[in-house]
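In what follows, a structure is listed as structure tokens, so that the remarks can point back to it.
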């Protein structure tokens, strides 16, 4: 049960003017504008936060939380002029009604001094909401003074158009108040639409009676059991004149909403193509065996005796399409007589043998109940009942009709005696029939139903009567039917016929027998009617329960209280009052229920076993009130109501303990006692949790002992024994609660999210323990098929069908398509390099077809996907380089040439490659922690300690030393930076992305090439000479040292002028003797001062303007290992001089622009994300 004040999945945003505690701040409270909320000084509370792009987020994915954002300075509302205007843009990305500003106690109190404009996306009956997409004006209460559907007036075509607030798209809002007119206007429009000329909501209101001398203005939102994110993109406010317009192009963007992709069709198609050939070759024999067993038939000796053609089960299975329900025609007979399941055969002239009494109630001949012998005459009796039901359009026994019409045969017979037999004809015929034929059929039906079997005609005579060959003898109709009041034999028949009817119908049948208490039939039914204090239903077909709301009984006897309708209630009550005026109020009940939520694992509202003075709940509310109470009468002693609730939503205003509990409620939905739903396992001697929304049947035992005033509740899974210990036990005196007569039954309700509540069986007793239900005979709960199961079933059937039919007709096509699909290209240069060549097919399967769901990142020359190799199950990263790009081809060859034969613990391992027309693929070892820059520059990853950072720096330095001096050739990386350093599971740094690498032999001079790399890491001499050397790699490594130590990118255009260039800023700080002040503040001072100073100075030395002054990588490693001391004097003039810097920056202006945007690189290649 959700709270009375917070409907489940309620999506709402409020603009609030509310009284808060004073906070001092120097701001112009009468006029402000925020095109984003960076540095806004907004007062945040609850889960509200401002994201890195300036987006104000009021709520997140936390359940039952609230968020608030208020302008921190008070508005002076003590003046005569209370005019104000505000304009803001909000968005809701789909979910209560107190919105985090009110609760059940203070809602609707004048002392609140609160004005709120609510934007509401759920209909809450207790607040008189008009629909589930409206705007409302609230004063001190969430019951709106005025409200209207959310529409926007189109200035261009002069029409109102619906505006769906839960679309996830930004929406503009204008709220204006004119004190002179006491008029409050609210207008809305989609983003980039102009301010509408007309407002959907306009109302007169005097705010001087509401506001105090000073007030705060801001926003509030809240989440419930289902969460929703509420965002404010921009906000403008003014006390004097119209609020300024926001710069819509500068508003922060909303988080991207990922839509689930429909994979079913694609998966089936790929699976059919790939598996068709494999199935035929490898599983031919298996399929033959399975199909043979599937259609295997059993032949027995008795089959030889009968002559009809025997069909193979296989043919019938295919003809009926697997005997699915969608091909079901019915469960009864049709125009031709069928269903010989109860048939008996014997030779002409012989007497039939005694057998069990079988047949359908209302068609059984009285003599059958005495002799147990089925004869041709008993068939005639059944045919007589059949004639009457066809002519009258009625079943033989209808307990819901008037007393004189309950028994069809008696009713027709009495009408015949009164000369009005045609009055019993089916009203739906509208009198359009032959009167003679109708009279013939009705009289013949009576004759076949004669009380004396000797008077029944033979079937041959029946045919002659119907063909008009013989006239029906009128005299034979005298005493045609049995005398229900006096005939003992007939009484025996009726008792036999209706013994299966529930006790709820017995009292109706008694009305047939007034003042006949001594007759056999009346004595029987009077005895049964006295047992109204004890009943049992192993299914509810023909139960006579009083149903209300959306409650219904399924054909299989399943009682369904609620369905998929939202905001609906259903009730089912035993129709006879319980006499609770006696001294003994003890009772015992046992029932089985099931809850099937529309959204798996998300409970909406529960159900309640209820004892109530009435069966009508017209004034009750659905959702959290369970269809038995409302916000007005909740808690009143005059309710005289006892309910045991089974609740799957936590409602704070009802003091619910959790979202899976049972509670005992007296006149109120605030439980007297409650407990989490568990059951005591006798075998394991422990309590075990029992989720009620599992969709599985659950048993419940509720027992009340008046002597001890003790109410006990027990629950258990289906087929488990009754627990020895009670789940909930509380003392309660029911005598002042229950009236002299009460009804007993069930109630359930739905809210914004529907849950289907079912009752499978029910037993109740006022005299001792309730009887046990026959669990094996209970109706089954409809199974909510999982989409994945449906896909699996369809896929299985498709594979079996296609495997046989496709092989001969499309084998050649499949072979051709598969050959082209995985066709690979081999070129001469590939023979020179050593990495393993993977088949394209294996990589295609490993990445599940290179789908976006496995995409790790995107770069200038391709994309990177996460994959799992099908053979080894090893996780890999597959880089897909565009073959059509000349630069992409160069990068592909460079990486294979450089990394293919290199092995070092601090280099990302290139496992192999693959080629296909139009596609180049590189396969790397997968790094679970992705790139280092995410740890340094974003909040996506946790902060790295200094020890971890220092270990990474030493590892990358060791890798570069290996590349420069220790491998058989010189490898120039040319793009050393944080985003190209990947972290393994132990956070060890591994240098990767060799797309710009160049190789040359030791002792040779590198060739002139293009200037490539990333702005901020490119050595100044490279722009003049065009030659990449070891020293240019050292320059990049110097910048890398500084960014790791300082937690800053090399160029920060948004920083103060002296801090824009990282190297210059660190150098100036070193000159001022404050180099440690440049360390990453997120380290919080937890680092070794000596190590930090060493790294910063070494970074400056590696970034020296003169290449000759830079150390080699071997010296760098020695410095980091503290094997050599760093020379201080070499730092003089360490950074790029101004002229060289200008030359360097001007040489790559386009890259600088990219750098200003946050990540600049002429090498946009990536291993795990774009960089």
Practice task
Confirm whether residue 723 is modelled with pLDDT under 95, closer than 17 Å to residue 666 by Cα and in a loop (DSSP other than H, G, I, E, B).
Solution key: no
Exercise for the section: Just give me the residues in region 1021-1048 being touching a helix residue (DSSP H, G or I) at 6+ places or on another chain (Cβ under 9 Å), surrounded by fewer than 24 Cβ atoms within 10 Å (Cβ to Cβ) and part of a loop (DSSP other than H, G, I, E, B), in sequence order. Expected result: 1021, 1029, 1047, 1048
Handout entry: Within region 154-191, tally of residues that are outside any strand (DSSP E or B), over 17 Å from residue 86 (Cα atoms) and within 33 Å of the chain's Cα centre (by Cα)
Key = 7
Exercise for the section: Scan region 451-484 for residues that are crowded, with 22+ Cβ neighbours inside 10 Å and modelled with pLDDT of 80 or more and report the count. Expected result: 2
Exercise for the section: Check off (1) at pLDDT 90 or above; (2) under 34 Å from the mean Cα position of the chain (by Cα) for residue 225 and give me the number that stays unchecked. Expected result: (1)
Exercise for the section: Inspect region 145-153 for any residue being farther than 12 Å from residue 188 by Cα and crowded, with 21+ Cβ neighbours inside 10 Å and give the result as yes or no. Expected result: yes
Practice task
For residue 1123, indicate whether it is at pLDDT below 90 and buried (at least 18 other Cβ atoms within 10 Å of the Cβ).
Solution key: no
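Table: residues versus (1) closer than 30 Å to residue 629 by Cβ; (2) part of a helix (DSSP H, G or I); (3) modelled with pLDDT under 70; (4) in contact with a strand residue (DSSP E or B) (Cβ under 7 Å, 6 or more places away or on another chain).
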residue	(1), (2), (3), (4)
752	yes, no, no, no
779	yes, no, no, yes
784	yes, no, yes, yes
788	no, yes, yes, no
791	no, yes, yes, no
796	no, yes, yes, no
809	no, yes, yes, no
816	no, yes, yes, no
841	no, yes, no, no
Completion exercise
Taking region 983-995 and the residues there that are at negative phi and touching a helix residue (DSSP H, G or I) at 6+ places or on another chain (Cβ under 7 Å), the one that is surrounded by the fewest Cβ atoms within 10 Å (Cβ to Cβ) would be 988
Exercise for the section: Give the residues of region 605-621 that are more than 13 Å from residue 757 (Cα to Cα) and in contact with a helix residue (DSSP H, G or I) (Cβ under 7 Å, 6 or more places away or on another chain), sorted by residue number. Expected result: 621
Handout entry: Residues of region 731-745 classified as over 23 Å from residue 535 (Cβ atoms) and either crowded, with 18+ Cβ neighbours inside 10 Å or not assigned by TED's automatic domain parsing to the domain that holds residue 588 (or both), total
Key = 0
Practice task
Restrict the check to region 678-687 and report whether at least one residue is over 28 Å from the mean Cα position of the chain (by Cα) and closer than 28 Å to residue 634 by Cα.
Solution key: no
Problem - The one condition in (1) within 55 Å of the chain's Cα centre (by Cα); (2) at pLDDT 90 or above that residue 401 fails to fulfil - result: (2)
Practice task
Would you confirm whether any residue within region 21-34 is in contact with a helix residue (DSSP H, G or I) (Cβ under 9 Å, 6 or more places away or on another chain), assigned by TED's automatic domain parsing to the domain that holds residue 216 and modelled with pLDDT of 90 or more?
Solution key: no
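The values are calculated or read from the model by the stated rules, or taken from the named source; none is laboratory data. All figures in this text were calculated on a predicted structure; none of them were measured in a lab. Quick reminder, even Gly has a Cβ in these numbers, built from the backbone with ideal geometry, and neighbours come from all protein chains shown.
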